[in-house]
Ligand code: XMP
């Protein structure tokens, strides 16, 4: 049975790093699309998919190489609109009778073009460019070595850039459009309008929703998993929570979640997460309380990387121990998002420097002989949140700030003790309460307290105190890769410092961290 009863747009993927961004732009326009690698799109497959429009992505190859990827020949007689982007434009031209010359990369000596460029329009303004060229020039993003040297019959030029005389081309008769630049990336600011025009002329209604996406995702999980058992490491973070809720809706009791409690969680966090999933949503959740094991192994350790490595290794050991007890588990579910997928592909192919050893269960599936289910692989963070809302997760849960896998360990520079963790939990709870009370929570990307490994002298009442100092952190960010400190008012900072010192025994000094990233990192370790 075909699970999709909806107009679909087919994206033929030629291996670009940013093909998923095309899909994202289309989802934003409420258009249903499927990405298929070019190798799989045979003439028969194309007929089976029966798309209402087709987009050909960019790609790393050069059409001047013999045997390089091509679109299926029947595409040109299907009678639907086609948009070719970068490599997609070039294969369109050579397949339809034009010419492409090699640039620097493929040895042809022509003009390569990478980065920002400005396209100017031709005299004729076509519907596809509605909303474009309101200014004289339109900023676009180029990334190409080869270039079109002769247009295929039927095509005309509708926009040029200094290094791409065929930046925007079209055969209006057949509804074929071919562009050299990448309308899908952020650096083509008006790219969304470009896609909007394309789907409009293809006749899409724009009625595809996250609810519909959810139904398809559920069907796909059922197809992949069959009647097998699945295990999932639930951290309480948005990604693993949404993945677990989605899997549960798809396969019910075939899913078992393991919540590894390393004793480095925030105040009441374990109870809240386990309570919500087990009691409220009826998931099978194993609460692996391994506080003693983790804190025992961390005793006396103060080096940040050593602490991270200990936690990472124990996490995997513990997860494996509990997972081994789940009979017949064949799949491991992970809340991998699309940015994790692209970031894990090294563009240069070279090794990148490790700033911090990140905490995940990578490598585990092979070791345990498990297959992976990654139902969020196509989505971006904000889309995962939208899916979470569809699945009925509470808004307060979905909007939570990110929390790192190693937990409070990396907010406790130096040696970790139970006393320090307890103080930290209390201070963090007061701080977050302050932020919520002042209505700032959603403006801030991430906020937390770090307890500093120094005691300072203070005076309270008539007595001397000698307690810990702490640092408040709050940053704005889009993706955690770069960040700036949040500009609180002095009143807010003063009130918060007073509350923490009054309400949390063990702290007598509060500082505010105003370091951006870079040069700092968000966490203290
Ligand atoms: P940094 O400190 O590197 O953090 O600027 C960037 C973002 O990543 C989070 N973070 C982690 N998340 N495992 C995680 O799941 C980790 O090991 C880890 N270390 C840092 C951090 O909280 C921030 O959101």
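Brief remarks on what is shown
- Contour excess over end-to-end distance, with Cα ends at residue 454 and residue 419 and 0.36 nm allotted per residue: 11.2 nm
- Angle in degrees between helix 238-251 and the longest Cα principal axis of the chain, rounded to the nearest 10: 70
- Estimated at 0.36 nm per residue, the fully extended path between residue 201 and residue 50 surpasses their Cα-Cα distance by 52.6 nm.
- As a length-normalised measure over Cα pairs under 8 Å and 6 or more apart, the relative contact order of the stretch 198-333 settles at 29 percent.
- Estimated from helical segments only, the mean residue ellipticity of the chain at 222 nm is -9500 deg cm²/dmol, where each DSSP H run of four or more residues counts as -39500 (n - 2.57).
- For the stretch 185-274, projected area of the alpha-carbon convex hull averaged over all directions, nm²: 9.5
- The long axis of helix 191-202 is offset from the longest Cα principal axis of the chain by roughly 50 degrees.
- Neighbour-count order for 195, 14, fewest beta carbons within 10 angstrom listed first: 195, 14
- Computed E for residue 216/residue 512 - FRET, C-beta separation, R0 41 angstrom, nearest 0.05: 0.35
- Extending 7 Å from the Cα toward the beta-carbon at both residue 482 and residue 68 defines two label points whose distance is 3.2 nm.
- Prolate/oblate/rounded call for the stretch 364-428, Cα gyration tensor, a/c under 1.5 rounded: oblate
- Sorted on the mean count of surrounding Cβ atoms within 10 Å across their residues, most packed first, peptides 243-254, 398-409, 61-72 read 243-254, 398-409, 61-72.
- With respect to the chain, whose longest principal axis is taken over its alpha-carbon atoms, helix 210-225 is tilted by about 80°.
- Sequence-separation-based contact order of the stretch 1-147, relative, with Cα cut under 8 Å and 6+ spacing, percent: 20
- Counting DSSP beta bridges with both ends in the chain, the antiparallel % (nearest 5): 50
- Estimated FRET transfer efficiency when R0 is 45 angstrom, pair residue 268-residue 125 (beta carbons, to 0.05): 0.15
- Here 142, 128 are placed in order of increasing Cβ neighbour count within 10 Å, fewest first, which gives 128, 142.
- Sequence-separation-based contact order of the chain, relative, with Cα cut under 8 Å and 6+ spacing, percent: 10
- On full extension, the segment bounded by residue 114 and residue 174 gains 18.6 nm, given 0.36 nm per residue less the C-alpha separation.
- Residues 302, 235, sorted so that the one with the fewest Cβ neighbours within 10 Å comes first: 302, 235
- Cut-off 14 Å, label 7 Å out along Cα→Cβ of residue 325, residues of the stretch 270-301 by amide N: 285-291
- Computed label-point distance, nm, for sites residue 306 and residue 437 using a 7 Å Cα→Cβ extension: 4.0
- Spin-label model distance (nm) - residue 280 vs residue 371, 7 Å beyond Cα toward Cβ: 3.3
All of the numbers you see were taken from the coordinates with simple rules; none came from a lab. As the structure is a prediction and not an experimental result, all values here were calculated from the model. Heads up, the Cβs are rebuilt from the backbone with ideal geometry, glycines too, and the neighbour counts pull from every protein chain shown.
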